[in-house]
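Q: This is the structure, below, for whatever I ask next.
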Amino acid sequence: LPGESLSPVDVVQLCSAFGSWVLDQGKGKTLVIGRDARKSGDMVSSIAASTFTGLGIDVIDLGLSTTPTVEMAVIHKKAAGGVIITASHNPGNWNALKFLNHHGEFISPEAGKEVLDLAEKNRFEYAEVDRLGSFSFEAEHLDKHIESIKALDLVDFTKIKDHGFRVAVDGVNSSGGLAIPKLLFALGVTEIVEVNCDPTGEFAHNPEPLPENLQELSALVKEHKCDLGISVDPDVDRLALIDENGNPFGEEYTLVAVADYVTSKTPGSVVSNMSSSRALRDLAESKGLDYSSSPVGEVHVVREMKSVSAVIGGEGNGGIIYPELHYGRDALVGVALILSFLAEKDVSMSKLKEGYAPYVIVKEKFELEPEKDLNVVFEKIRNIYPDATIDDRDGLKFDFNDSWAHLRRSNTEPIIRIYTEAENDDRALELAEMVKRDLLKLIN
């Protein structure tokens, strides 16, 4: 129903509001759009494009694409903004609109509120018939994206090619099924074993690249004696790896390994969000480098990275942000940097993982009755753990000597999300259960 899901009516209203906001910014009247492979993507894209042209905006449609490719295209075309039609790691019956500014970055929370305000008040005007926008289709931007990656100083094409990697790829039957093999071939990798790489939108498994969803890829790595396995989410901004033994490398450690490589060549500050592994902080400190955290969310990570001039950053869900290329999570550049690192060190994925501090993250949630005041709950629980260092920029994070717990309210449900990390499963689970028990006591 309109207002309850991303119906055609909602697409028109939201795109009308965003297009009006873009025109108000005075950065031009060209927008780049692209989509992942989910079944509703073509329909939503057509409605979005027609809505924008109706506002007098010129639309460049990339068709089936990736989130980072659309971001890069906004930069290359000097566009006023962009829209990515994807529900990221969510199931195939979901879809969403990701709005970009003229820098090819996600619009800020403040800008998002302005867009929603325009939508709620229907404050937009469509163009006269002789001032309608134009529409063009440009399919070459993935190639341009890959060429930009190959041109990076830290991407060593020669070493990757000479190493002779054998790589298995799970593209979850979305854009990554095209983009990752194409990138690998461009980097000189010729032995590529593919599974779920037909971009039909029929997701072969839960599309979030978590270990429990990558068993087929793990088996493929072992069967074909691959050096590593690569998995991405449907819009290719998250990167998960499998080692040569078929074991998950861990999404949290994707960023750690990439940061290790980048800082070995260009020492500098590193950034991750508050719910990411402490392993990145440990890596930075071991190299005498500055580490800082941000609230959860790509917008906040980017803002922090710019403020400290970070050389690498991202989120522990496998989101790599390499500012030398662009300020957006990009699984493609992550793959190129990981392969360069492995080729240079001439080590296996499992051996690489042994060099990083071992941590285990547990993710839980605590359901609340809708009428409960979360502000009161958070104010009470912050006094429960006097030995912890508290960070309240995004919910509450309690830092202990050997572990941490992060409590965040959901934006869409009456729940508190609980993340804990420790050096082993038992301690991480124990901490999560302790926090849940304390929450229950306080509420009752």
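Q: Kindly report, to the nearest 10 Å², the accessible surface of F378 as traced by a 1.4 Å probe over protein heavy atoms only.
A: 20 Å²
Q: Going by average Cβ density within 10 Å per residue, which order do the peptides 15-21, 66-72 take, highest to lowest?
A: So the peptides 15-21, 66-72, ranked by packing, come out 66-72, 15-21.
Q: Using the Cα centre of the chain as origin and beta-carbon charges of +1 (Lys, Arg) and -1 (Asp, Glu), tell me which of A37, L187, A151 is placed farthest towards the positive end of the dipole.
A: Selected residue: A151.
Q: If packing is taken as the average count of other Cβ atoms within 10 Å, what order do 179-185, 137-143 fall into, highest mean first?
A: 179-185, 137-143
Q: Further question: Need one value: the accessible area of E120 in square angstrom, 1.4 angstrom probe, rounded to the nearest 10.
A: Accessible area, nearest 10 Å²: 140 Å².
Q: Please compute the contact order of the chain in relative form: average sequence separation of alpha-carbon pairs under 8 Å and at least six residues apart, divided by the residue count, as a percent.
A: 12 percent
Q: Residues of the chain: accessible area per residue at 1.4 Å, in Å²?
A: 43 Å²
Q: Below 13 Å, Cα to Cα, which aspartates and glutamates can K353 reach? Residues fewer than 8 away in the same chain don't count.
A: D243, E244, E251, E252, D260
Q: Each residue of segment 340-355 in order: what ³J(HN,Hα) in whole Hz does its phi give by Karplus 6.51 cos²θ - 1.76 cosθ + 1.60, θ = phi - 60°, with x for Gly and Pro?
A: Taking θ as phi minus 60°, the curve returns 4, 5, 4, 5, 5, 7, 6, 10, 7, 4, 5, 5, 4, 5, 4, x Hz for segment 340-355.
Q: Just L100, L214, L132 to compare: in a GNM of the chain, with alpha carbon springs under 10 Å, which one fluctuates most?
A: Ranking L100, L214, L132 by mean-square fluctuation puts L132 first.
Q: Past the 23 Å Cα-Cα mark, which pairs from K182/K363; K77/K98; K159/K306?
A: Over 23 Å Cα-Cα: K182/K363; K159/K306.
Q: Label segment 231-314 by shape, choosing from rounded, prolate and oblate, from the square roots a ≥ b ≥ c of the eigenvalues of the Cα gyration tensor; if a/c is under 1.5 it is rounded, and otherwise prolate applies when a/b is larger than b/c, oblate when it is not.
A: oblate
Q: State, as an integer percentage, the relative contact order of segment 297-444 based on alpha-carbon contacts under 8 Å between residues 6 or more apart.
A: Taking the mean separation of contacting Cα pairs over the length of segment 297-444, I get 18 percent.
Q: Suppose every K and R has +1 on its Cβ and every D and E has -1 on its Cβ; what is the size of the dipole of the chain about the Cα centre, in Debye to the nearest 20?
A: Value, rounded to 20: 580 debye.
Q: In whole percent, what relative contact order does segment 70-117 give with Cα contacts below 8 Å and a gap of six or more residues?
A: It rounds to 36 percent for segment 70-117.
Q: Candidates [x] 34, 30, 20; [y] 38, 27, 22; [z] 35, 24, 21; which is the computed semi-axes √(5λ) of the Cα gyration tensor in Å?
A: [x]
Q: Here is a further query. Tell me what the chain gives for mean residue ellipticity at 222 nm when only DSSP H runs of n ≥ 4 count, each as -39,500 (n - 2.57), the sum divided by the residue total, rounded to 500 deg cm²/dmol.
A: Per the formula, -12000 deg cm²/dmol.
Q: Return the carbon/sulfur percentage of the accessible area of the chain, one whole number, probe 1.4 Å, all protein chains in place.
A: Exposed carbon and sulfur together represent 48 percent of the surface.
Q: Could you give the dipole magnitude of segment 322-379 about its Cα centre, charging the beta-carbon of Lys and Arg +1 and that of Asp and Glu -1, in debye to the nearest 20?
A: In debye, rounded to 20, segment 322-379 gives about 400.
Q: Is segment 1-143 rounded, prolate or oblate when judged by the Cα gyration tensor, a ≥ b ≥ c being the square roots of its eigenvalues, rounded requiring a/c under 1.5 and prolate requiring a/b larger than b/c?
A: rounded
Q: Could you please state, rounded to a whole Å, how far the C-alpha centre of segment 281-309 is from the C-alpha centre of segment 126-167?
A: After rounding, the separation between the Cα centres reads 27 Å.
Q: While we're looking at this one, here's another question. Rounded to the nearest 5, what is the percent of antiparallel bridges among the DSSP beta bridges in the chain?
A: In the chain, DSSP labels about 55 percent of beta bridges as antiparallel.
The values are calculated or read from the model by the stated rules, or taken from the named source; none is laboratory data. Nothing here was measured: the structure is a model prediction, and the numbers come from that model. Using ideal geometry, Cβ is built from the backbone for each residue, glycine included, and neighbour counts are taken over all protein chains shown. Please note that ligands, DNA and RNA were not included when accessible areas were found on the heavy atoms of the full protein model with its side chains. Shrake-Rupley method; radii C 1.70, N 1.55, O 1.52, S 1.80 Å.
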